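Read-outs throughout are calculated quantities, based only on the coordinates presented, and are distinct from any laboratory measurement. Small disclaimer: the values here were computed from a predicted structure and weren't measured. Note that each Cβ is placed from the backbone with ideal geometry, even for glycine, and that neighbours are counted across all protein chains shown.
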Amino acid sequence: MKLPPLEYACPASLSEAVALLAAGGGDARAIAGGQSLMPMLAFRVVAPTLLVDLRKPPELKEIRISADGVRLGAMVRWRDIEDDARLAAAHPLLKAAVEHVAHYQIRNRGTVGGSIAHADPAAEMPGICVTCDAEIAVIGSAGSRVIRADDFFVGALTTALEHDEIITEIRLPAWPANRRWGFREFSRRRGDFAMAAAALFYDQDAGGSAVNAHVGVIGLGDRSRRLPEVEAALNSQVIDEALIERAAEITSATVDAQEDIHASAAYRRSLAGTMVERALRSAAA
Ligand SMILES: Cc1cc2nc3c(=O)[nH]c(=O)nc-3n(C[C@H](O)[C@H](O)[C@H](O)COP(=O)(O)OP(=O)(O)OC[C@H]3O[C@@H](n4cnc5c(N)ncnc54)[C@H](O)[C@@H]3O)c2cc1C
């Protein structure tokens, strides 16, 4: 289907972009890579009268790595993350997850900011943000604010963003050099959205026990979530095969999953356990 008639603006600065969104009320919308928005326009899922293209403000395209962690400008594309060799050490979990996002052509255009604003429950980036306690920096006509990832994602395709707010940056906390991590995803074909995925990491104390375990699941319910029961089972324990199997059981027993055309809720819960098991095994190897 053809797009509905609409106006297009490509402002040079963030302040201009915010002003355009604010003036448009709820009828103006930001566009980043267009990989989710263009299909939604074509299918008339959304019908803005103005698109505000975010491609020009240079500060949105930066990847900054420091002792505080990794900062991704909202217009950083999947391809930029794949091509940035520094991220293999600075945030291996992010790098591994992005390899599962969509297909080559989509990764050339799709952006991290677009993904988290779109908030698809099966998308990898929101899951990484929730698992890693990321912060989302946004700017709007009322000023700037920083939102914890867990507060940012409200539900399927729903976030805490106001209509005139633009995501500027995603802040991932520093990643210690000896951290153990794993990412596993199951989808029908490579590049499809996840039917279930697990993203996890833990650190180790002097005795080799896990501390600071973070376990997140993607693609099961209305948004990505951490699994506190599984994290509690892992913390202060040496991660061995029996504990990995126990973590998988707790995952399947406690995770909230929804049914859709691809899978029943029961199948998804079982799959989630398997993804956690495999991710933990790779972390412990
Ligand atoms: C066939 C196909 C398969 C895909 N598979 C996957 C997959 O496996 N995993 C996955 O994660 N994604 C997948 N995607 C989605 C893809 O990753 C998109 O690129 C991404 O979800 C949206 O990014 P975008 O830059 O294209 O955003 P756009 O489509 O431009 O925008 C999406 C939404 O975000 C808003 N927005 C964009 N940027 C900002 C900002 N900075 N501030 C505020 N609001 C903003 C827009 O207004 C719009 O509502 C797939 C897409 C397609 C078409």
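Any idea what the dipole of segment 60-173 comes to, in debye rounded to 20, about its Cα centre with Lys/Arg Cβ at +1 and Asp/Glu Cβ at -1?
Dipole size: approximately 300 debye.
Among all helices in the chain defined by DSSP H, which have a length of 18 Å or more along the axis from Cα atoms plus a Kyte-Doolittle mean of at least -0.5?
Qualifying helices, which must be both long enough and hydrophobic enough, are 241-254, 265-284.
Tell me what the chain gives for mean residue ellipticity at 222 nm when only DSSP H runs of n ≥ 4 count, each as -39,500 (n - 2.57), the sum divided by the residue total, rounded to 500 deg cm²/dmol.
Value at 222 nm, helices only: -9500 deg cm²/dmol.
What number comes out for the charge environment of Glu249, summing +1 per Lys or Arg and -1 per Asp or Glu over other residues with Cβ under 12 Å away?
Counting the neighbours of Glu249, the net charge comes to -1.
Please work out the C-alpha center-to-center distance from segment 27-58 to segment 61-93 and express it in whole Å.
Measuring centre to centre over Cα atoms gives 24 Å.
Which order do the peptides 227-239, 257-269 come out in when sorted by mean C-beta neighbours inside 10 angstrom, highest first?
The peptides rank, most packed first, as 227-239, 257-269.
Quick check for you: which residues of segment 34-65 have the amide N under 18 Å from the point 7 Å beyond the Cα of Arg86 toward its beta carbon?
58-65
As an exercise, find the ratio Rg/Rh for segment 180-284 from alpha-carbon atoms, using the Kirkwood inverse-distance average for Rh.
Taking Rh as the inverse mean 1/r over Cα pairs, Rg/Rh reads 0.98.
In debye to the nearest 20, how big a dipole does segment 180-284 give about its Cα centre with +1 on each Lys and Arg Cβ and -1 on each Asp and Glu Cβ?
It comes to approximately 380 debye.
Over all alpha-carbon pairs of the chain, lay out the pair-distance distribution in 10 Å bins, whole %, shortest bin first.
In order of increasing distance, the bins hold 7, 29, 34, 21, 8, 2, 0 percent.
Would you grab the residues whose amide H sits under 5 Å from the one on Ile31? Only those 5+ places off in sequence or on another chain, please, with H modelled 1.01 Å from N.
The list, which skips near neighbours in sequence, is Val52, Asp53, Leu54.
Describe numerically, in nm with one decimal, the distance between label points set 7 Å from Cα along Cα→Cβ at Arg109 and at Glu7.
Here the modelled spin labels are 2.4 nm apart.
About its Cα centre, what dipole magnitude does the chain give when the only charges are +1 on Lys and Arg Cβ and -1 on Asp and Glu Cβ, stated in debye to the nearest 20?
For the chain, the charge dipole is close to 740 debye.
Given contacts defined as C-alpha pairs under 8 Å and at least six residues apart, what's the relative contact order of segment 7-53, whole-number percent? Spell out each step's value before the answer.
Values: 51 pairs, mean separation 25.9, N = 47.
About 55 percent, as a whole number.
Considering Cα pairs under 8 angstrom that are at least six residues apart, work out the relative contact order of segment 163-285 and quote it in whole percent. All intermediate terms of the calculation are to be shown ahead of the outcome.
Working: 219 pairs, mean separation 32.2, N = 123.
Rounded, it is 26 percent for segment 163-285.
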